[in-house]
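The values are calculated or read from the model by the stated rules, or taken from the named source; none is laboratory data. Quick caveat, the model's predicted, so the values are computed rather than measured. Methodologically, a virtual Cβ is constructed for each residue, glycine included, from the backbone with ideal geometry; neighbour enumeration extends over all protein chains shown. Surface areas here come from the heavy atoms of the whole protein model, side chains and all, with no ligands, DNA or RNA. Shrake-Rupley method; radii C 1.70, N 1.55, O 1.52, S 1.80 Å.
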Amino acid sequence: MIMTYRAIEATRPGTLNLVQRPLPEPGPGQVRLRVEACGVCHSDAATVEGGFPGISYPRVPGHEVVGRIDALGSGVQGWAVGQRVGVGFLAGSCGYCEFCRNGDLVNCKNQEYSGIHHDGGYAEVMLAKASGLVSIPDDLRSVDAAPLLCAGLTTFGALRNAPAKSGDLVAVFGIGGLGHLAVQYARHMGFEVAAISRGGDTAQLAKKLGAHHCIDSAASDPAAALQALGGAKVIVVTASGGKTIAETFKGLRPGGVSINLGAGPEPIQVASVDLIFGERKVAGSLTGNPATADATLRFSALGGVSAMIETVPLEEAPAAYAKMMAGKARFRMVLVTKNGNGQPK
Ligand SMILES: [Zn+2]
Ligand SMILES: [Zn+2]
């Protein structure tokens, strides 16, 4: 067995380096993965740029990881060596805190984040907590499964837990890494789907992905456009920035909810009368628990929902990350290691 592996680490804020590391042994409750693919997500910036408080360097980013288990730590049950598994942003619940005991694994008080509190998937090998693992359906390639573990789970989970019923109008704001998946999920879940984006150039794509309506927020007032369609029951806002919420909020029908998925420091300004009269809500949604991730992958495989991806060898991670940060990825960059059998078709 080769006793070292290659990883791309943020050595200090702003610097990604290819390094060789000794092979680690999984601790209690952990598994060791031979990583096959890892998606590049905008949240990786929290690691690479040092935006996350208390992060210690060097740190390997990456939280859309698919790999094969090659060693089990003590006490791991229900997972086997050779099994293909995924790791998302939430690294695994503790099982004993108040929220875990109440079945709310997402809000576990002792949850760590992959690639932030410990090393993530920009590597050939990763240690992962068994309680955070996701099973990968056999008919999903590793490169296709990877972006679904964060971008997919986040949008699928938000829509799945939203109050909309089949036939209701659901809007997706922002047709990027998250939005292009949200449109597909919304369509496959049986909603009437409106895609909102700035500039008309993504309209054709949004239609192809399943949107019934396309709204150009640069050319028209998106809230008025949604009201003209009867008002949205749910608006999934994938673009970050408080303004994007405010811009569309009046497009909600009474009882509707605007679900924010794009994290940013900007405050959200909504007039209280728009909240009260019509009983509208502003909400956030944080990825999902491992069972919801399982469902995301199965639903995607069954329905043919997939992210548009560009694969790059692991060693080119710095360039892939830079392309994603520049907003030039169409739509998800996926790193592939030499373990990966998920080469593009
Ligand atoms: Zn992510
Ligand atoms: Zn917990």
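Over the stretch 102-194, what lengths in whole Å, largest first, do the semi-axes of the equivalent ellipsoid take, defined as the square roots of 5 times the eigenvalues of the alpha-carbon gyration tensor?
Details: eigenvalues 155, 58, 31 Å².
So the equivalent ellipsoid measures 28, 17, 13 Å along its semi-axes.
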Original post:
To the nearest 10 degrees, how steeply does helix 179-188 sit against the main Cα axis of the chain, on a 0 to 90 scale?
Top reply: 70 degrees
Original post:
If you roll a 1.4 Å probe over the heavy atoms of the protein chains, what accessible area per residue do you get for the stretch 216-339, in Å²?
Top reply: 46 Å²
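With the other protein chains left in place, how much accessible area per residue, in square angstrom, belongs to the stretch 56-195 at a 1.4 angstrom probe?
Numbers: 4760 Å² over 140 residues.
So the stretch 56-195 comes to 34 Å² accessible per residue, rounded to a whole number.
Could you work out what % of the accessible surface of the stretch 144-261 is carbon and sulfur, using a 1.4 angstrom probe and leaving DNA, RNA and ligands out of the count? Could you put the intermediate results ahead of the total?
Details: 1930 of 3980 Å².
It is 49 percent, rounded to a whole number.
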Original post:
Using θ = phi - 60° and the Karplus form 6.51 cos²θ - 1.76 cosθ + 1.60, what ³J(HN,Hα) does each residue of the stretch 277-284 get, whole Hz, x for Gly and Pro?
Top reply: 7, x, 6, 8, 10, 10, 9, x
Original post:
Amide H to amide H under 5 Å from Glu192: which residues, 5+ apart in sequence or cross-chain, H placed 1.01 Å off N in plane?
Top reply: Gly167, Asp168, Leu169, Val170
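Show Met333, Met325 ordered by accessible area, largest first, where the area counts protein heavy atoms only and the probe is 1.4 Å. Can you show the working numbers first?
Details: Met333 5, Met325 75 Å².
Largest to smallest exposure gives the sequence Met325, Met333.
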**OP:** Grab the alpha carbons of the chain, take their convex hull, and tell me the volume per residue in Å³.
**Re:** 134 Å³
Original post:
What value, in deg cm²/dmol to 500, does the helix sum -39500 (n - 2.57) over DSSP H runs of n ≥ 4 give at 222 nm once divided by the residues of the chain?
Top reply: -6000 deg cm²/dmol
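Among Lys129/Lys233; Lys207/Lys233; Lys250/Lys323, which pairs are too far apart, with a Cα-Cα distance over 26 Å? Each step should come with its number before you reach the end.
Values: Lys129/Lys233 37 Å; Lys207/Lys233 20 Å; Lys250/Lys323 34 Å.
The pairs that break the limit, which is 26 Å between Cα atoms, are Lys129/Lys233; Lys250/Lys323.
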Original post:
How much length is gained on full extension from Phe277 to Lys208, taking 0.36 nm per residue of separation minus their Cα-Cα distance?
Top reply: 21.2 nm
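How much of the accessible area of the stretch 88-142, probe 1.4 Å, is carbon plus sulfur, in whole percent? Working shown, then result.
On the way: 1020 of 2320 Å².
Looking at the stretch 88-142 in its full context, I get 44 percent from C and S.
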Original post:
What nm distance separates the two modelled labels at Glu315 and Asn17, each placed 7 Å from Cα along Cα→Cβ?
Top reply: 1.7 nm
Original post:
Roughly how many Å is it from the Cα centre of the stretch 177-251 to that of the stretch 50-73, as a whole number?
Top reply: 33 Å
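For the stretch 1-55, what does the accessible surface come to per residue with a 1.4 Å probe? Please give it in Å². Intermediate values should be presented prior to the final figure.
Values: 2530 Å² over 55 residues.
Per residue, the stretch 1-55 has 46 Å² of solvent-accessible surface.
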Subject >> Most mobile of Ala232, Ala128, Ala319 in a GNM of the chain (Cα contacts under 10 Å) >> reply: Ala319
